[in-house]
Amino acid sequence: MSAAQIPDGWAFSASIPSWTQTTLEGDELVVFYRVEVKVLPPDKNGAPRCRSVLRRFSHFKKLHGRLIEELGAARLQGLAPPRKGGFFATVNKQPALIERRRRELQEWLYALIRDPAIAHSRMLNNFLELADAARFVQRHTRDMRESFTGTGTSSARPSDSYVPPRLSEAPSFAGPPSARSTQTAAGGPPNMRLGLHVEQRGGLKKHVRALKQRLDRASADLQDAVEVIAAEREGKRQLVSHLAALEARVSDNSGKRSAELDRLLSQVSEIDVLIGDHQREPASAHTSSPQQSHPPQSSIHTDEIRELRMRLETAESALAQSSQQGEDSEELAEKLRKAEEAAESLRGELGVAKAQLGVLAKDGETMAELREQLGRERSAKDDAVARADALAQANSQAAEASAQLQAAAGRAQDLEQQLQAAQSEAERLTAALQDERGRAQEAAAQLTQQGADDKAKLLSDMKVLAREAAEAEAAAKLESAVTSARAEGDQRMELASAGLKAEAARQMEERLKLKPGEKRQALTWNGQQRQRPG
């Protein structure tokens, strides 16, 4: 076993004494290798502290890749991890292969620790969880050894002597280097976690489903709240427009009422002036008359309706007295008629003003109620907006948590699917390779036998062809000689025949001498024409 010094004086050693098997969901058989880390304190009298972590074969492959990223490929040259040496489905079902792989991984881990730079690297420290091992209490070692003696099954309950690895991802091993440096700089623990424990997957999936249901309900509640807030906003907009119209109407009516009251006051003032002038005229003409009276000259206000009536009655009585005295009767009668018409008009306008004032009072009460209701609705709206903001914030946080959980679960499922696909592909390739190997062997045997047969047949054919070639050559020579001899004999025979024919013809001509007048008959003899008597 190899050991390396930690910068603060601690020493550590690592080994892989055993392995354990477990079954995941879907009857997937996986193997975990127990990495036992022993940390020695600087004090020579201090007791060593032991800790175990479970790692899969793929985690060792990831460690090699992360060490290359941290230290460079030159440092890891010649320190490649053990090869697979087979397919997962095959290795995980054969204890002999698992044991051989355990020894290979242990030798590779020794080689890494013998290099000081690799031994002090952050990735190897995270992989071995040295920080936790240094804080670990030795009294748990006994439980740890009892939990990991030999090969276990999925029913083996992990003790407190190790931290179960997370199978989905690890902060130091799953993300890019920037994400790992950010987490370390933020003060996060440097320990490497490679996923969730196998026994915790079912509970995690239940929690994820429950969280999804809660998120769905929260989303529905938030949607309902948004719809209610939108409806309330629409109602408030309509209420505000209605209030604005009422305020405009009230202000318009108030302006009209003020103008009408001013006009009434001016008319009453004119009547008062006329009545005063009328009262002063008889006073100047009859200063000694005992029936002379002086009505009050105070101004009339809008709310002094009774005083206005009294002054009108006083004006009527004064006009009646002046008409009785007989001075300017026609003019006074005209003025009296006008005053009566003005008084009658004032009475009518006064009634209208009272009715309008009542309407204005009612409008004011309605306006106050509407303003109070608007204030209550505004406060309710503010409360609803605050609740909606809080709910949206909670929903956002829950969505982020759900997204993280879903991402973790998705990555775990992707890894499982990739592993299953790789296993199925490996089995298919193995079967195909075996089939191809059998067919190749059969074809090779057939080709060997066929080659031997073809060779023997070729030798026999070559011998036959040689004999036939010799016979053909002899026959050709014989035929050529026969042809030559035949041609030469024919030529000689033709020459001899021609000579004989010529000689015979000559002799016949000499022998046969025809007389004049004899009938001659042409005779043919061997292609030549001759004359003979008939």
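The values are calculated or read from the model by the stated rules, or taken from the named source; none is laboratory data. None of the values given here were measured: they were computed from a predicted structure. We place every Cβ from the backbone using ideal geometry, glycine too, and count neighbours over all the protein chains shown.
Brief remarks follow.
- Residue identified as free of Cβ contacts under 8 Å to residues at least 40 places away in the same chain, of a type in the set (A, V, I, L, M, F, W, C) and surrounded by 10 or more Cβ atoms within 10 Å (Cβ to Cβ) among Ala426, Ala432, Ala409, Ala398: Ala432
- Complete set of residues in segment 379-434 that are closer than 30 Å to Ile229 by Cβ and among the polar types (S, T, N, Q): Ser379, Gln393, Asn395, Ser396, Gln397, Ser402, Gln404, Gln406
- The set of residues from segment 225-244 being under 39 Å from the mean Cα position of the chain (by Cα) and small (Gly, Ala, Ser) comprises Ala225, Ala230, Ala231, Gly235.
- Yes/no for Gly65 being modelled with pLDDT under 90 and either outside any helix (DSSP H, G or I) or more than 16 Å from Ser15 (Cβ to Cβ) (or both): no
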